[in-house]
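K.L.:
Handing you this structure, nothing more for now.
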Amino acid sequence: MLFTKKATFRGGVPVPHWKNTAEAETLQMGVPSKVYIPMLQHIGAPCTPVVNKGDTVKVGQVIGTSDKLISAPIHSSVSGRVTNVAPMVVFNGQSVMTVEIETDGLQEVHEDVKPPVFNNKEEFLEQLKKSGLVGLGGAGFPTHVKLAPPPGKEVDTLIINGSECEPYITSDYREIIENSWNILLGVYTLVDLFGFKNVWIGIEDNKPEAIKVLSNIAAKDDKYSDVVKVVKLKSRYPQGAEKMLIYACTGRKVPPGKLPADVGVIVMNINSVSFIREYIRTGMPLVKKRVTVDGPAVKNPANVEVPIGTPIADVFEFCGGFRSEPVKVLMGGPMMGVAQYSLQYPVLKHTNALIALDEKSAKIPPEGPCIRCGRCVDVCPMNLMPLHINRHSLHGDVEALEKYHANDCMECGCCSYVCPAKRHLVQSIRLAKAQLRQAATAAAAKGGK
Amino acid sequence: MLYEVLIPATIMGGLGILFGTGLAYVSKKFEVKTDERVVQVREVLPGANCGACGQSGCDAFAEAVVSGVCKVNGCPVGGDNVARQIAEIIGVEAEAVEARTARVMCRGDLSVSKVKFEYEGINDCAAAASLYGGPMACSYGCVGLGNCVRVCEFGAITVENGVAKVNEALCTACEKCVAACPKKIIVMVPKSSEYAVNCSSLDRGNIVMKNCKVGCIGCGRCVKVCPVNAITLKNNLAVINPELCTNCGECEKVCPTKAINRHRSQIFANVG
């Protein structure tokens with residue numbers, strides 16, 4: 001069933017789409033000579049490597065596990081020999097162990113890879129944990145944890161996020177076009193297991209083809225056609241943010257500091273659902289990822305499916321290299337992506353795009369003083385006041401940060417995008433969150449004494 | 001005409017006298033007795049209101065000392081001299097205070113250590129350090145954006161060529177910089193200690209050598225030569241215990257990267 005009413009939220013910015021690779025069919029990239037697989041590719045506790053230098057590994061073999069609740073196992077994406085297990089500094093400054101594997105090109109599949117067997121919800125979650133699936137939309141929250149909300153929280157709605165609101169990125173869109181049946185079958189499996197009463201598939205209206213394809217298929221099955229609804233969302237950044245999407249689809253508001261499960265909703269990325277279906281069919285854990293390779297500095301923009309752990313340099317090389325000297329390479333979209341300092345950095349589970357910017361597009365204009373125009377307040381989808389958080393965080397005023405709810409920021413970047421003074425608002429809010437965390441630990445330590 | 005001036009002047013003057021007497025009476029009647037010693041102690045304190053004593057400021061500390069909550073040597077900024085004066089006022093025996101100073105355990109300035117990437121963003125060490133551990137190749141060392149400089153009330157810290165340096169003559173051991181440093185590389189040591197391993201890297205030796213010319217590579221030579229066993233090697237980093245160190249200087253002679261060096265500013269610090 002197709003919902004024609006255009007759903008949206010308050011705030012946000014109309015960013016350019018630049019979906020240059022929308023019609024580019026996914027290319028399969030060969031196996032690189034070496035892969036680097038960090039033990040932290042999700043939100044939560046890092047894994048401990050279970051392989052040693054010199055071991056031979058096969059595709060789908062577990063190479064990192066953790067007994068912590070919020071974590072996901074990590075698998076080898078290639079077959080070959082482990083050449084090193086050493087710490088590497090990942091983007092958040094944390095130093096995590098990384099398994100370096102020299103590939104043999106045979107891509108032999110490990111014996112343990114076989115379709116999972118499950119009869120009920122609990123067994124399914126147990127099996128899903130083994131697949132190493134994390135939210136593929138970008139945040140990387142372990143899916144088996146997300147699907148098991150704490151007791152007492154009744155979840156009746158599943159929202160599938162296919163809005164893909166960032167410029168350039170088309171990896172979700174290609175999934176819809178190429179594997180549309182997988183997505184729906186994945187959704188049906190989840191509905192059968194968890195008994196969701198409503199499933200909303202949210203897609204922005206700049207992807208009419210995707211909306212058409214999915215609503216056609218959804219209408220075919222009588223059993224599910226009342227449950228599964230495709231929603232046409234207004235194209236506005238950050239439409240794909242969890243809380244915005246929940247509001248746009250259901251009208252429910254997630255209170256500050258709460259999770260979607262508190263309002264009876266679970267949000268999953270369209271790729272994650274499709275992966276679940278594929279995993280049930282083949283048993284192959286999460287070892288490869290489709291990434292959109294684009295940006296002014298890239299020669300042949302494309303969608304490429306790469307083994308996880310492939311160095312960025314190899315992916316760019318596969319796309320014909322660079323048209324001009326790349327000044328900045330982003331992992332993720334231009335709004336929320338993280339700049340990389342080395343092309344040896346690997347593609348991770350939740351990487352959805354690699355954007356290479358040339359000198360002109362990467363230029364950061366000089367920061368000026370705040371002119372109090374209030375545009376950041378206008379566009380903030382979380383109804384915050386970025387200008388005040390910015391000021392107080394630079395002064396280290398923790399009490400004021402608390403008052404201005406700095407912790408509710410989701411770092412979408414709308415405020416920095418519209419700021420006429422080009423202030424580094426998001427970065428200072430990120431700093432504000434760190435200051436709040438530090439103050440909380442200090443207070444806890446004091447209380448402990 | 002005369003009355004127009006006289007009447008209001010009399011009324012106002014009368015009111016003034018009335019309220020004045022009233023206030024004088026009330027201030028005598030309800031006077032809050034302050035301990036004279038608190039005022040005296042407050043006078044000998046440095047008055048920087050830095051909070052290093054754990055109280056909210058010098059006034060609060062003076063009260064706390066007199067009421068016995070804080071020790072007479074509780075003000076690290078005032079040091080031994082102030083402690084003795086406070087002890088005299090209160091009438092107790094003062095314990096000796098060892099003069100301390102902050103030291104930055106990193107010497108990796110831009111001439112000797114490598115830069116990982118160009119950082120564009122807000123001028124704050126903590127913000128820069130949250131991105132891949134900061135722009136310097138060594139993720140343990142000084143970021144060099146000066147959070148410590150900004151919190152120092154005494155102007156004792158400067159960033160020179162990308163690494164923070166403490167002027168020990170000006171440092172009053174208030175420990176604000178220790179709290180402000182996101183890398184936790186500023187430590188408090190006695191001013192009398194002359195030798196320290198000026199490195200905080202826990203990386204293995206080969207990685208340290210790649211990133212920085214003056215880092216501790218964890219070779220352990222200093223541990224072997226130290227006659228008083230003041231040096232321990234843990235997680236690829238040697239640490240000198242200033243309590244045991246006799247400033248003999250044997251470790252500096254054998255250190256291959258000169259991560260151990262003598263604090264020569266010490267010579268001038270003693271004069272001040």
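K.L.:
Calculate, in nm to one decimal, what A:Arg81 and A:Glu178 gain on full extension: separation in residues at 0.36 nm each, minus their alpha carbon distance.
P.N.:
31.6 nm
K.L.:
If you don't mind, another one. May I ask which residue of A:Gly321, A:Pro16, A:Met331 lies farthest towards the positive end of the charge dipole of chain A, with charges of +1 (Lys, Arg) and -1 (Asp, Glu) on Cβ and the Cα centre as origin?
P.N.:
Among A:Gly321, A:Pro16, A:Met331, the one farthest towards the positive end of the dipole of chain A is A:Pro16.
K.L.:
Sequence-distant or interchain residues sharing an amide H contact under 5 Å with A:Leu354, placed H: which?
P.N.:
Amide H neighbours of A:Leu354, under 5 Å, 5+ apart: A:Thr292, A:Val293, A:Asp294, A:Gly332.
K.L.:
Something else about it: Which whole number gives the average count of other chain Cβ atoms within 10 Å of the Cβ atoms across peptide B:115-125?
P.N.:
For this peptide, the per-residue mean of nearby foreign Cβ atoms is 5.
K.L.:
Another question, then. Please state the shape class of segment B:100-268: rounded when a/c is under 1.5, otherwise prolate if a/b exceeds b/c and oblate if not, all from the C-alpha gyration tensor.
P.N.:
Oblate.
K.L.:
Add +1 for every Lys or Arg and -1 for every Asp or Glu among the other residues with Cβ under 12 Å from the Cβ of B:Ile157, and state the total.
P.N.:
In short, +1.
K.L.:
Which lysines have a Cα less than 19 Å from the Cα of A:Lys53, not counting those fewer than 8 places away in the same chain?
P.N.:
Correct list for A:Lys53: A:Lys34.
K.L.:
Just want to confirm a number: the relative contact order over segment A:76-131, from Cα pairs under 8 angstrom separated by 6+ residues, in percent.
P.N.:
In percent, rounded to a whole number, it is 31.
K.L.:
Still on this structure, I have one more. With r defined as the distance between the Cβ atoms of B:Lys224 and B:Ser192 and R0 fixed at 25 Å, what FRET efficiency is calculated, to the nearest 0.05?
P.N.:
Approximately 0.55, to the nearest 0.05.
K.L.:
Additional query: What are the ³J(HN,Hα) values, in whole Hz, obtained from phi via the Karplus relation 6.51 cos²θ - 1.76 cosθ + 1.60 with θ = phi - 60°, for each residue of segment A:321-334 in sequence order, with x given for Gly and Pro?
P.N.:
Per residue, the Karplus-derived 3J(HN,Hα) values read x, 9, 6, 9, 4, x, 8, 9, 10, 9, 9, x, x, x Hz.
K.L.:
First check a/c for the protein assembly as shown, with a ≥ b ≥ c the square roots of the eigenvalues of its C-alpha gyration tensor; if it is under 1.5, answer rounded, and if not, answer prolate when a/b is larger than b/c or oblate otherwise.
P.N.:
It is oblate, given that a/c is not under 1.5 and a/b is not larger than b/c.
K.L.:
Can you spot the aspartates and glutamates whose alpha carbon is less than 19 Å from A:Lys121's alpha carbon? Ignore those fewer than 8 places along the same chain.
P.N.:
A:Glu154, A:Asp156, A:Asp192, A:Glu278
K.L.:
Pull up the cross-link candidates among the aspartates and glutamates for B:Lys253, meaning alpha carbon to alpha carbon under 16 Å and not fewer than 8 places away within one chain.
P.N.:
Result set, ordered by chain and number: B:Glu194.
K.L.:
Same structure, new question: Which whole number gives the average count of other chain Cβ atoms within 10 Å of the Cβ atoms across peptide A:339-346?
P.N.:
That works out to 3 on average.
K.L.:
If you plug each phi of segment B:228-243 into the Karplus form 6.51 cos²θ - 1.76 cosθ + 1.60 with θ = phi - 60°, what whole-Hz ³J(HN,Hα) values come out, in order, with x for Gly and Pro?
P.N.:
Karplus values, whole Hz, x for Gly and Pro: 10, 6, 8, 10, 10, 10, 9, 6, 6, 9, 7, 10, 9, 7, x, 5.
K.L.:
Output the DSSP H helices from chain B with an along-axis C-alpha extent of no less than 27 Å and a mean Kyte-Doolittle hydropathy no less than 0.0.
P.N.:
For chain B, where a helix must reach 27 Å along its axis and average at least 0.0, the hits are B:2-29.
K.L.:
I would also like to ask the following. For the protein assembly as shown, give the magnitude of the charge dipole about the Cα centre (Cβ charges: +1 Lys/Arg, -1 Asp/Glu; no others), in debye to the nearest 20.
P.N.:
Dipole about the Cα centre, nearest 20: 260 debye.
K.L.:
Where a ≥ b ≥ c are the square roots of the eigenvalues of the C-alpha gyration tensor, would you call segment A:229-268 rounded, which needs a/c under 1.5, or, failing that, prolate if a/b is larger than b/c, or oblate?
P.N.:
prolate
K.L.:
Suppose R0 equals 51 Å; then what is the FRET efficiency for A:Ala439 and A:Asn52 from their Cβ-Cβ distance, rounded to the nearest 0.05?
P.N.:
After rounding, the FRET efficiency stands at 0.80.
K.L.:
Of B:Val178, B:Gly162, B:Ile260, which is farthest on the positive side of the dipole of segment B:100-268, counting Cα position, with +1 on Lys and Arg Cβ, -1 on Asp and Glu Cβ, and the Cα centre as origin?
P.N.:
Final value for the positive-end residue is B:Ile260.
K.L.:
Below 8 Å between Cα atoms, with a sequence gap of 6+, how large is the relative contact order for chain A in percent?
P.N.:
19 percent
K.L.:
So which DSSP H runs in chain A come out at 15 Å plus along the axis (Cα) with average Kyte-Doolittle of at least 0.0?
P.N.:
Long hydrophobic helices here: A:180-194, A:208-220, A:270-282, A:425-448.
K.L.:
Quote the charge dipole size of segment A:147-192 about the Cα centre in Debye, to the nearest 20; the model charges only the Cβ of Lys and Arg (+1) and of Asp and Glu (-1).
P.N.:
80 debye
K.L.:
Distance cut-off 26 Å, Cα to Cα: go down the list A:Lys212/A:Lys349; A:Lys146/A:Lys446; A:Lys197/A:Lys243 and report the pairs above it.
P.N.:
The pairs that break the limit, which is 26 Å between Cα atoms, are A:Lys212/A:Lys349; A:Lys146/A:Lys446.
K.L.:
Dipole size in debye (nearest 20) for segment A:375-448 around its Cα centre, Lys and Arg Cβ +1, Asp and Glu Cβ -1?
P.N.:
180 debye
K.L.:
What average number of partner chain Cβ atoms lie no more than 10 Å from the Cβ of the residues making up A:386-394?
P.N.:
Across the residues of A:386-394, the mean count of other-chain Cβ atoms within 10 Å is 1.
K.L.:
Still on this model: Could you pull out every residue, at least 5 positions away or on a different chain, whose amide H is within less than 5 Å of the one on A:Trp200? Hs are placed 1.01 Å off N in the peptide plane, and Pro or chain starts have none.
P.N.:
A:Leu158, A:Ile159, A:Ile160, A:Lys229
K.L.:
Rounded to the nearest 500 deg cm²/dmol, what is the calculated helix-only ellipticity per residue at 222 nm for the protein assembly as shown, with -39500 (n - 2.57) per DSSP H run of length n ≥ 4?
P.N.:
-9000 deg cm²/dmol, from helical runs alone.
K.L.:
Search the structure for amide H atoms under 5 Å from the amide H of B:Asn261, placed 1.01 Å from N in the peptide plane, and list their residues when 5 or more places away or on another chain.
P.N.:
B:Ala196, B:Asn198
Just so you know, all these numbers are worked out from the coordinates, no wet-lab data involved. Owing to the predicted nature of the structure, the values given are computational and were not obtained by experimental measurement. Virtual Cβ from ideal backbone geometry, glycine too; neighbours counted across all protein chains shown.
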